[in-house]
Protein chains: 2
Amino acid sequence: MSGSPDPSRRSETARRAILAAALDLAGKLGYAKLSIEGIAHAAGVGKQTIYRWWPSKGSLLFDAFLTLAGEGEAAALPDTGDLAADLKLVLHATITELTDPRYDRPMRALHTEIVHDPALAADYASRLDGPMRELKKARLRSAQEAGELATDLDLDVAVDLLFGPVLNRWLQHTGPLTPDYADRVVDTALRGLRP
Amino acid sequence: MSGSPDPSRRSETARRAILAAALDLAGKLGYAKLSIEGIAHAAGVGKQTIYRWWPSKGSLLFDAFLTLAGEGEAAALPDTGDLAADLKLVLHATITELTDPRYDRPMRALHTEIVHDPALAADYASRLDGPMRELKKARLRSAQEAGELATDLDLDVAVDLLFGPVLNRWLQHTGPLTPDYADRVVDTALRGLRP
């Protein structure tokens, strides 16, 4: 009701500007050249504001991704009753995102920071990979109930087999990242390698 | 036969000293702090010697790994006639290597450089991942001939499903890297996810 700006709202505006600047600069410069100073400058805040909220540029970039994921993605995987089709749909969307130049560099930066930084990896596991994994397992459980999957399946291993290869191929540049590749992964994992 | 040192032999000695120093320092310092200057100092050679042979620290570290792989690993995967047992044996050995502190840091360094450097990734694909992949596919072809695998299998996808998850779990710290995990990956991939 007062004419003076609301401090918590001003903080939220600054926080959003910082997260957006971190993603934008990570994409333009790559992780190695990304600096807290550069992010502060682009976001129009002081460096101390950033250090008050985040202990490192890795944790800041990670929060930027969480915001992105929270805004862009569905809460649950699609469940049309056809597991293979639903998995292919999700993986095709993943490929579209991974090959988008706006996200390619910042996402590579996050994934390689995790490789070297166990604290960030733990954060990633508990706040991003973990919740996403639960959504994937919920979809697989539904398929088990529908008789589409074995009931004694190791769901964690199933998630790794279905969702790992596309991420790997993107990270390691080991082959073209096409929807056809995703389809072959899903079909092969579902039916297994034995005759 | 002459008493003077053989120049090609002297070169080979310097090359080996440089490769050993690169691996050693990558393990101690991590990739970011690894420098050509530091490697030259540890190997007892001039920086120019290194720059004459390698265009970047990434390519030098990669050569160091090729030397390590060439010295330590068998030319072909074991083939006892029991595919599951052979795959588990190989993956257990991989886990032992990945969790060895001498190799953990330099191998993480190589894997993350590949993520950001397409030229190094191409080198990795053609000189390390490619030849290793051929050995894996040769073992799977032998299993196809023995009736252990489907004859119409997509062998590249099969390699990704069998060998990707252990590497991923190590890189992303998403769970404990145990022989039991490797066994569950092999068993699940072979039988498939369907009932």
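Every number here is computed from the coordinates shown, using simple stated rules; none is lab data. Predicted, not measured: the structure shown is a model, and the values here were computed from it. No Cβ is skipped: glycine too gets one built from the backbone with ideal geometry, and neighbour counts run over all protein chains shown.
Some notes on this structure:
- Rounded to the nearest 20, the Cβ-based charge dipole of chain B about its Cα centre (Lys and Arg +1, Asp and Glu -1) stands at 780 debye.
- Of the residues B:HIS116, B:HIS41, the one with the fewest other Cβ atoms within 10 Å heads the list, and the complete ranking is B:HIS41, B:HIS116.
- Taken residue by residue and averaged, Cβ atoms of other chains lying within 10 Å of the Cβ of B:166-176 number 5.
- Summary for A:ALA32: label point 7 Å along Cα→Cβ; distances to the equivalent points in the other copies, ascending, 1.2 nm.
- For the rotational copies B and A, the chain B residue with its Cβ nearest the relating axis, together with that separation in Å, is B:GLY192, 1.
- The stretch B:88-173: GluC sites (Glu not before Pro) in DSSP loop, at most 16 other beta carbons within 10 Å: none
- Relative contact order for chain B: 22 percent, from Cα pairs under 8 Å spaced at least 6 residues apart, divided by residue count.
- Local electrostatic count, B:HIS173, Cβ distance below 13 Å [Lys/Arg +1, Asp/Glu -1]: -3
- The other copies place their A:ARG194 label points at 1.4 nm from this one, listed shortest first, where each point is 7 Å from Cα along Cα→Cβ.
- With all projection directions averaged, the alpha carbon convex hull of the protein assembly as shown covers 24.9 nm².
- Put a plus charge on the Cβ of each Lys and Arg, a minus charge on the Cβ of each Asp and Glu, and nothing anywhere else: the dipole of the stretch B:7-55 about its Cα centre is then about 120 debye.
- Local electrostatic count, B:ALA85, Cβ distance below 13 Å [Lys/Arg +1, Asp/Glu -1]: -4
- Summing +1 for each Lys or Arg and -1 for each Asp or Glu among the other residues whose beta-carbon sits under 9 angstrom from that of B:ILE36 gives +1.
- Sequentially through the stretch A:178-194, phi angles give Karplus couplings (6.51, -1.76, 1.60; θ = phi - 60°) of 10, x, 4, 4, 4, 5, 5, 4, 4, 5, 5, 5, 5, 8, x, 8, 6 Hz, Gly and Pro residues having no value and appearing as x.
- The tail of the calculated P(r) for the stretch B:7-55, taken as Cα-Cα distances beyond 16 Å, holds 32 percent of the pairs.
- The relative contact order of the stretch B:7-55, computed from alpha carbon pairs under 8 Å that lie at least 6 residues apart in sequence, is 38 percent.
- Between the residues A:THR112, A:VAL157, A:PRO195, the greatest Cα displacement towards the positive end of the dipole of chain A, with unit charges on the Cβ of Lys, Arg, Asp and Glu, is found for A:THR112.
- Charge dipole of the stretch A:1-154 about the Cα centre (unit charges at C-beta), most positive-ward option of A:ALA76, A:THR94, A:SER11: A:SER11
- Global geometry of chain A, whether rounded, prolate or oblate, following the gyration tensor of its Cα atoms and the 1.5 cut on a/c: prolate
- Distances between copies of B:ASP104, taken at a point 7 Å out from Cα along the Cα→Cβ vector and listed shortest first: 3.3 nm.
- Evaluated with a Cβ-only charge set (Lys, Arg +1; Asp, Glu -1), the protein assembly as shown carries a dipole of roughly 1540 debye about its Cα centre, given to the nearest 20.
- Relative to the longest principal axis of the Cα atoms of chain B, the long axis of helix B:83-98 lies at roughly 30 degrees.
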